[in-house]
Amino acid sequence: MTAIQDSPVVSPYQRSVASYWNAERNPVNLLLGEVDGTYHHHYGIGDADWSVLEGPEDTRHDRTIKELHRLECAQADLLADHLGAVTPDDRLLDAGSGRGGGSFVANRRFGCRVDGVSISEKQVAFANEQAEQAGVADKVRFHLKNMLDTGFETGSFRSIWNNESTMYVDLSLLFAEHARLLARGGRYVTITGCYNDTYGLPSRAVSQINAHYICDIHPRSTYFREMAANRLVPVSVIDLTPATIPYWELRARSSVTTGIEEAFLEAYKDGSFQYLLIAADRI
Ligand code: GPP
Ligand code: MG
């Protein structure tokens with residue numbers, strides 16, 4: 001067992017989250033990752049090619065996997081589009097880096113150093129192995145660290161992102177750490193699912209999503225309140241809800257369902273849940 005002083009996990013809640021990700025082997029993540037070696041832990045956006053569900057039966061599965069992966073890659077590309085004018089000398093932080101997909105996307109685009117952090121030993125080991133295999137281990141590194149308390153140097157990052165990982169942490173603590181780590185004028189980007197607090201508290205479907213992933217989806221209002229409290233000033237807000245529905249419709253009809261598809265579709269369609277991109281400048 002990891003000694004307490006070596007572990008980034010500081011609470012029973014964080015231990016249960018780390019256990020989930022250490023044990024996670026969902027085909028929807030592994031088979032999509034095998035398409036081109038980029039393993040994502042987020043959802044997809046954009047219009048789906050529904051023809052993958054038709055045509056020859058023997059290739060339907062592979063064509064559907066490729067299409068779901070294409071939609072997830074489109075999401076990662078959109079996030080990277082908002083990271084700002086990053087140069088090869090800059091350093092980026094992927095907060096909640098999973099199996100590393102988003103970090104590799106950013107490194108390939110900007111040629112710069114990228115550090116990823118996760119509290120899952122399995123994810124960190126997997127992602128570092130990916131970096132070795134791709135020959136970029138000198139630039140892309142993954143660390144077993146808590147995103148709320150990374151120990152990285154103050155002001156050392158040009159841009160930081162959370163791709164669907166903010167629902168595992170308290171936003172006041174997270175944005176305080178991001179504000180510390182970002183250089184002045186740096187950029188923060190998140191893509192997240194949040195509940196729509198014009199409707200009151202979380203709907204049943206949102207609560208089902210929380211239970212499925214052991215997370216705590218925040219209301220939309222909390223993002224803006226905590227950014228404002230931590231010198232993060234929004235520059236772009238994009239409601240990606242309509243753009244992510246085709247991904248969930250296709251996933252629900254694929255052979256790699258996990259059982260959470262209908263909850264996402266219900267929550268997005270009844271308006272109680274929103275899929276947002278928020279980009280902010282560190283002032
Ligand atoms: C997807 O990861 C993201 C999360 C689990 C965080 C929750 C996100 C929300 C928007 C609520 P994944 O790719 O590992 O999930 P899955 O196994 O379902 O594909
Ligand atoms: Mg996935």
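What follows is calculated from the coordinates using simple rules that are stated; it is not laboratory data. Predicted, not measured: the structure shown is a model, and the values here were computed from it. We place every Cβ from the backbone using ideal geometry, glycine too, and count neighbours over all the protein chains shown.
How big is segment 95-161 in terms of Cα radius of gyration and Dmax, in angstroms?
Rg, Dmax (Cα atoms, Å): 11.1, 31.
Which length gain, in nm to one decimal place, applies between Asp216 and Glu153 when the Cα-Cα distance is subtracted from 0.36 nm times their residue separation? Let's see the in-between values first.
Numbers: separation 63, 0.36 × 63 = 22.68 nm, distance 2.86 nm.
Taking 0.36 nm per residue and subtracting the Cα distance, the gain is 19.8 nm.
Based on the alpha-carbon gyration tensor of segment 146-283, what equivalent-ellipsoid semi-axes (square roots of 5 times the eigenvalues) come out, in whole Å, largest first?
Values: eigenvalues 165, 45, 39 Å².
The three semi-axes for segment 146-283 are 29, 15, 14 Å.
Using Cα springs under 10 Å in a Gaussian network model of the chain, which residue among Glu54, Glu132, Glu261 shows the largest mean-square fluctuation?
Glu54
Once you have the Kirkwood Rh of segment 203-283 from its Cα pairs, apply Stokes-Einstein at 37 °C and 0.692 mPa s and quote D in µm²/s.
Details: Rh = 14.1 Å.
This corresponds to a translational diffusion coefficient of 233 µm²/s.
Multiply the residue gap between Ser51 and Ala134 by 0.36 nm, knock off their C-alpha separation, and tell me the result in nm, one decimal place. Numbers along the way, then the final one.
Values: separation 83, 0.36 × 83 = 29.88 nm, distance 3.27 nm.
Extra length available between Ser51 and Ala134 comes to 26.6 nm.
Between Arg184 and Lys269, what length in nm is gained on full extension when 0.36 nm per residue of separation is reduced by their alpha carbon distance?
Details: separation 85, 0.36 × 85 = 30.60 nm, distance 3.87 nm.
Length gained between Arg184 and Lys269: 26.7 nm.
With each label point set 7 Å from Cα along the Cα-Cβ vector, what nm distance links Glu24 and Glu249?
Those two pseudo-labels are separated by 2.6 nm.
Would you grab the residues whose amide H sits under 5 Å from the one on Val235? Only those 5+ places off in sequence or on another chain, please, with H modelled 1.01 Å from N.
Ala279, Ala280, Asp281
Strictly greater than 14 Å: what percent of every Cα pair in segment 61-136 meets that?
Details: 1816 of 2850 pairs.
Here the long-distance tail beyond 14 Å is 64 percent of all Cα pairs in segment 61-136.
In deg cm²/dmol, rounded to 500, what helix-only [θ] at 222 nm does the chain give when every DSSP H run of at least 4 residues adds -39500 (n - 2.57) and the total is split over its residues? Working shown, then result.
On the way: 10 runs with 123 residues, N = 283.
Taken over the chain, the calculation gives -13500 deg cm²/dmol.
How high is the relative contact order of the chain, in percent, counting Cα pairs under 8 Å that sit 6 or more residues apart? Can you show the working numbers first?
Details: 519 pairs, mean separation 56.7, N = 283.
Relative CO of the chain lands at 20 percent.
Assuming R0 = 30 Å, what is the FRET efficiency of Glu262 and Ser16, from their Cβ-Cβ distance, to the nearest 0.05? Each step should come with its number before you reach the end.
On the way: r = 24 Å, r/R0 = 0.81.
So, using R0 = 30 Å, E works out to roughly 0.80.
Once you keep just the Cα pairs under 8 angstrom separated by 6 or more residues, what percentage relative contact order results for segment 236-280?
Numbers: 37 pairs, mean separation 28.7, N = 45.
Relative contact order for segment 236-280 comes out at 64 percent.
Give the whole-number value, in cubic angstrom per residue, of the convex hull volume spanned by the C-alpha atoms of the chain.
Working: hull volume 36.0 nm³, N = 283.
Convex hull of Cα atoms, per residue: 127 Å³.
Most exposed first by the Cβ proxy, i.e. fewest other Cβ within 10 Å, how do Asp89, Asp94, Asp115 rank? Walk me through the numbers before you get to the answer.
Working: Asp89 10, Asp94 30, Asp115 23.
Ordered by Cβ neighbours within 10 Å, fewest first: Asp89, Asp115, Asp94.
Could you give log10 I(q)/I(0) at q = 0.11, 0.13, 0.19, 0.21 Å⁻¹ for segment 21-174, computed by the Debye formula over C-alpha point scatterers of equal weight, without solvent?
-0.44, -0.61, -1.19, -1.40
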